[in-house]
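Asks: Provided herewith is a single structure, encoded as structure tokens, for subsequent inquiry.
The values are calculated or read from the model by the stated rules, or taken from the named source; none is laboratory data. What you are looking at is a predicted structure, and each value in this text was computed from that prediction instead of being measured. With ideal geometry, Cβ positions are generated from the backbone for all residues, glycine too; neighbour counts draw on all protein chains shown. When the accessible area is computed, the model is the full protein with side chains, heavy atoms only, and any ligands, DNA or RNA have been set aside. Shrake-Rupley method; radii C 1.70, N 1.55, O 1.52, S 1.80 Å.
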Amino acid sequence: MIEYLIYILTFVIGSILGLLWSYKKHGEPYVIKGLDIAITVIALIGWILIFNFTWSVILLAIGFFLVGFVLNERPGYGRLETVIGIVVSAVIYLIWHLILMV
């Protein structure tokens with residue numbers, strides 16, 4: 001039960017830090033400037049940890065922190081990076097489980 005509290009706290013802390021960082025980095029309203037590579041890497045790592053390392057409380061907490069950081073940037077920012085992270089981590093999950101089933 002305490003694990004869920006850890007996950008919620010790390011997600012909220014990541015969300016707050018992501019919002020603060022995003023407002024500092026992007027002073028203007030949402031303007032499409034392309035893909036942010038650093039945020040994409042953060043999203044990939046976070047979603048891969050969440051999808052593929054469900055057995056580790058520490059890795060899941062880190063994953064929730066990173067996902068919260070990306071998801072709660074300023075409105076409009078981080079959307080494409082989140083989608084890329086979800087798709088890539090879901091593909092890794094499916095490949096991993098298909099290999100284990102064979």
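Asks: Given the rule -39500 (n - 2.57) for each run of at least 4 DSSP H residues, summed and divided by the residues of the chain, what is its mean residue ellipticity at 222 nm, to the nearest 500 deg cm²/dmol? Please report the intermediate quantities before stating the final value.
Replies: On the way: 4 runs with 78 residues, N = 102.
When only DSSP H runs of four or more count, the value is -26000 deg cm²/dmol.
Asks: Another question about this same structure. Between LEU17 and LEU80, what FRET efficiency comes out of the Förster formula 1/(1 + (r/R0)^6) with R0 = 22 Å and r the beta carbon distance, rounded to 0.05?
Replies: Working from the Cβ atoms, E equals 0.60.
Asks: Right, another one. Want the number for TYR4 to ALA38: 0.36 nm per residue separation, take away the alpha-carbon distance, what's left?
Replies: Using 0.36 nm per residue and subtracting the Cα-Cα distance, I get 9.5 nm.
Asks: If you average the sequence gap of Cα pairs under 8 Å that are 6 or more apart and divide by the length of the chain, what percent do you get for the contact order?
Replies: Relative CO of the chain lands at 38 percent.
Asks: Something else: Given the alpha-carbon gyration tensor of the chain, what are the semi-axes of its equivalent ellipsoid in whole angstrom, ordered largest first, with each equal to the square root of 5 times an eigenvalue?
Replies: Square roots of five times the eigenvalues give 26, 18, 7 Å.
Asks: In nm, to one decimal, how far is the modelled label at VAL88 from the one at SER56, with both set 7 Å along Cα→Cβ?
Replies: Going by the 7 Å Cα→Cβ label model, 1.8 nm.
Asks: Using a 1.4 angstrom probe on heavy atoms only, work out the carbon and sulfur share of the accessible area of the chain in %. Display every interim value, and only then the final one.
Replies: Working: 5350 of 6630 Å².
The value for the chain is 81 percent carbon and sulfur by accessible area.
Asks: Using only the Cα atoms of the stretch 1-58, what do you get for the radius of gyration and for Dmax, in Å?
Replies: According to the Cα coordinates of the stretch 1-58, Rg and Dmax are 14.3, 42 Å.
Asks: With every protein chain present, what is the per residue accessible area of the chain (1.4 Å probe, Å²)?
Replies: 65 Å²
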